[in-house]
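Here the structure comes first, spelled out in structure tokens, and everything after it is commentary.
The values are calculated or read from the model by the stated rules, or taken from the named source; none is laboratory data. The structure presented is a predicted model; accordingly, all values stated were derived computationally and were not measured. Here the Cβ is made from the backbone with ideal geometry for all residues, glycine too, and neighbour counts use every protein chain on show. All accessible areas refer to the heavy atoms of the entire protein, side chains included, with ligands and DNA or RNA removed. Shrake-Rupley method; radii C 1.70, N 1.55, O 1.52, S 1.80 Å.
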Amino acid sequence: MTKKTTLAEGRRQPGLNRRGFLAGTTAVGLSIVKPELVTGAEANSKVKLGLIGCGGRGNWIANLFMQHGGYQFVAAADYFADRTERTVNRLKIPAAQGFSGLSGYKRLLEAKPDAVVIETPPYFHPEQALAGAEAGCHVYCAKPVAVDVPGCLTIAEAGRKATENKRCMLVDFQTRANDFYREAVRRVHAGDIGTLVSGEAVYYCGPTWGGAGILAADPKNPENRLRAWGLDRVLSGDVITEQNIHALDVASWFVDRQPLRAYGTCGKKGRKHQGTCNDHFAAIFTYPNDVLVSFASKQFGTGYDDIGCRMYGPLGTADTHYFGVVMIRGKKSYKGGRLGNLYTEGAVRNIADFHTSITKGDYSNPTVAPSVRSNLTTILGRTAAYKRAEVSWDEMIKAAEKLEFPVADLKG
């Protein structure tokens, strides 16, 4: 595994290697779009997209949408006008359809695209996803879907609203799009490793985010915080929510239940002067039937990287790695296989699935509920780690703590 694919998450590397594209996506991209299924689209036309968030990740994934063949970008919005202008020029969007400022996404929705792609800091995802669903757009949203409990509940509402409006909503987790992961989870649910007893999830990596210099110049400036949002615990949800959710999402997928409680701790010793996020977490999650899942992460240093999840039962072990092998060892072994560039391949698969759901009129939106559950799981671990105490799921939901960012100090 290399840092090129595991650490930057594509946001500071818009030129990320594309060698992992899935074969056959072009064929999917040529599906005929029925006018009754796509608002504003006529037969045989492409799905018209609005891009909300024109940073590194937004431009990177815009390339994948374009390469699919079934989409066309017709509008773009970002808080920063310079980012919007560059993206509009690059994607050949009319200048009048480029918007900036805090409310830029609202003006984008007034342009009535068929769908929106949300690639802004996670703090803004709930408001923008719900607005998109209420405006009658299909919604493609990056993970994590939110940074706090109220935000997660808003995303759940956005999913319900999308289904009611006969629109699609997809959350872009790459692991869930991979056939090896899907088969391993299916076999565990079928009992191939026996009753689940325990598991472990890890996310070990080095420094991921740039922007420390911007923050050092004026750490309280809200625009500086926006430009370096990956180092800001309010905008990102901290490391456990923004990044480590990949590992905890797989654990929740295997167990298929929400945890009852968690105990945790965290700290910041590896990169003390870079933003407000912690750089390591550790937690123990207790799931129903006394299934224990240990979790650990780091976002500093060099020497060892892994995004992994192992689940243990009396009959075997499921062993999964985002940039390695997915398999089951035991009485009913599953050979599985070695993954390629899942970061890219998973996004390509999700983009294709989003298009298929739109063209076929499948509004079941199956990724929303598990994404909310996994997001809340990270918040439970974060809350316990901040308090250095045991916190129950019910206590977390009841407290409904909301993270606050000084949006009033930003340009509208």
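Number of residues in region 395-409 that are over 15 Å from Ala146 (Cβ atoms), part of a helix (DSSP H, G or I) and open to solvent by less than 70 Å² (accessible area, probe 1.4 Å): the value is 1.
Output the residue which, of all residues in region 208-225 that are part of a loop (DSSP other than H, G, I, E, B) and either farther than 17 Å from Phe300 by Cα or touching a His at 6+ places or on another chain (Cβ under 6 Å) (or both), is modelled with the highest pLDDT. Taking the candidates together, the pick is Asn221. Residue count for region 85-109 under the criterion of being in a helix (DSSP H, G or I), touching a residue at least 12 places away in the same chain (Cβ under 8 Å) and of a type outside the set (Gly, Ala, Ser): the result is 11. Take the conditions (1) charged (D, E, K, R); (2) touching a strand residue (DSSP E or B) at 6+ places or on another chain (Cβ under 9 Å); (3) under 22 Å from Val202 (Cβ atoms); Lys411 misses just one of them, which is (3).
Yes or no: Ser357 touching an Asp or Glu at 6+ places or on another chain (Cβ under 6 Å) and in a helix (DSSP H, G or I)?
Values: touching an Asp or Glu at 6+ places or on another chain (Cβ under 6 Å): no; in a helix (DSSP H, G or I): yes.
Judged against the criteria, Ser357 is not a match.
Selection of region 253-280 for residues being under 23 Å from Thr175 (Cβ atoms), part of a loop (DSSP other than H, G, I, E, B) and open to solvent by less than 70 Å² (accessible area, probe 1.4 Å) yields Pro259, Cys277.
The sole residue among Ser392, Ser297, Ser357 that is under 30 Å from Thr195 (Cα atoms) and either open to solvent by 20 Å² or more (accessible area, probe 1.4 Å) or free of Cβ contacts under 8 Å to residues at least 12 places away in the same chain (or both) is Ser392. Each residue in region 307-323 was checked for being under 20 Å from the mean Cα position of the chain (by Cα) and either hydroxyl-bearing (Ser, Thr, Tyr) or more than 19 Å from Ser374 (Cα to Cα) (or both), and 3 of them qualify. Among the candidates Leu196, Leu130, Leu153, the residue that is open to solvent by less than 40 Å² (accessible area, probe 1.4 Å) and within 20 Å of the chain's Cα centre (by Cα) is uniquely Leu130.
Does Pro366 satisfy the criteria of being open to solvent by less than 40 Å² (accessible area, probe 1.4 Å), out of contact with any helix residue (DSSP H, G or I) (no Cβ under 6 Å at 6 or more places or on another chain) and at pLDDT 95 or above? Please lay out each step first, then the result.
Details: open to solvent by less than 40 Å² (accessible area, probe 1.4 Å): no; out of contact with any helix residue (DSSP H, G or I) (no Cβ under 6 Å at 6 or more places or on another chain): yes; at pLDDT 95 or above: yes.
The answer is no for Pro366.
Pairs meeting the criteria (first residue in region 237-265 and more than 16 Å from Ser371 (Cβ to Cβ) and touching a residue at least 60 places away in the same chain (Cβ under 8 Å), second residue outside any helix (DSSP H, G or I) and of a type in the set (Ser, Thr, Tyr), beta carbons under 6 Å, at least 6 apart or on different chains) are Leu260/Thr286; Arg261/Thr286; Arg261/Ser392. For region 311-350, filtered to residues that are part of a strand (DSSP E or B) and touching a Lys or Arg at 6+ places or on another chain (Cβ under 7 Å), the residue that is farthest from Asp172 (Cα to Cα) is Gly316.
In this structure, is Arg382 within 30 Å of Cys266 (Cα to Cα), in contact with an Asp or Glu (Cβ under 6 Å, 6 or more places away or on another chain) and among the basic types (Lys, Arg)? Walk me through how you get there before you give the answer.
On the way: within 30 Å of Cys266 (Cα to Cα): yes; in contact with an Asp or Glu (Cβ under 6 Å, 6 or more places away or on another chain): yes; among the basic types (Lys, Arg): yes.
Answer is yes for this residue.
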